[in-house]
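Engineer: Please see the structure below; I have some questions.
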Amino acid sequence: MINRLYTVSATLTAVIMATSEREAEIRFKSDFGEIKDQPIDAVADGEIRTEADLPDDWTVDCLPYGPRDNALTIGEFLDAPPPPVVRDTKTVDMFAAAPASGEKA
């Protein structure tokens, strides 16, 4: 699965690296689940696709919350090309070599 960025809001707002909004909520709750023994209810606000989607005080130079070994900034996530689309190329040349009926070859 591909990690994406999501904003998750509660008393705190964080940028979480995850594969889905649900996983972003779970990661937020596991990292920030309790502060002063009070549980936090977290809700994912949506995926971050552009710099304009970032919450206040977050920039493309910030590191998103997520796995401790993450070294990618938010900007590097946004600049990463989407995964390649795998196309079925088996039929691409199927009609190129055969002339239409009634046509001269």
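The values are calculated or read from the model by the stated rules, or taken from the named source; none is laboratory data. Quick caveat, the model's predicted, so the values are computed rather than measured. Backbone-built Cβ (ideal geometry, glycine too); neighbour counts: all protein chains shown. Protein only, heavy atoms only, side chains kept; ligands, DNA and RNA dropped before computing areas. Shrake-Rupley method; radii C 1.70, N 1.55, O 1.52, S 1.80 Å.
Engineer: Just for the stretch 47-80: of the residues that are small (Gly, Ala, Ser) and surrounded by 11 or more Cβ atoms within 10 Å (Cβ to Cβ), which one is nearest to Lys29 (Cα to Cα)?
Structural biologist: Filtering the stretch 47-80 for residues that are small (Gly, Ala, Ser) and surrounded by 11 or more Cβ atoms within 10 Å (Cβ to Cβ), the one nearest to Lys29 (Cα to Cα) comes out as Gly66.
Engineer: Would you please list the contacts, defined by Cβ atoms under 9 Å and residues six or more apart or on different chains, that run from a residue in the stretch 44-62 that is in contact (Cβ under 8 Å) with a residue 12 or more places away in the chain to a residue that is in a strand (DSSP E or B) and open to solvent by 100 Å² or more (accessible area, probe 1.4 Å)?
Structural biologist: Close Cβ pairs (under 9 Å, with a partner that is in a strand (DSSP E or B) and open to solvent by 100 Å² or more (accessible area, probe 1.4 Å)) amount to Glu47/Arg4; Ile48/Arg4; Arg49/Arg4.
Engineer: Could you check, for the stretch 36-46, whether at least one of its residues is modelled with pLDDT of 85 or more, surrounded by 10 or more Cβ atoms within 10 Å (Cβ to Cβ) and not aromatic (Phe, Trp, Tyr)?
Structural biologist: So far as the stretch 36-46 goes, yes, one or more of its residues are modelled with pLDDT of 85 or more, surrounded by 10 or more Cβ atoms within 10 Å (Cβ to Cβ) and not aromatic (Phe, Trp, Tyr).
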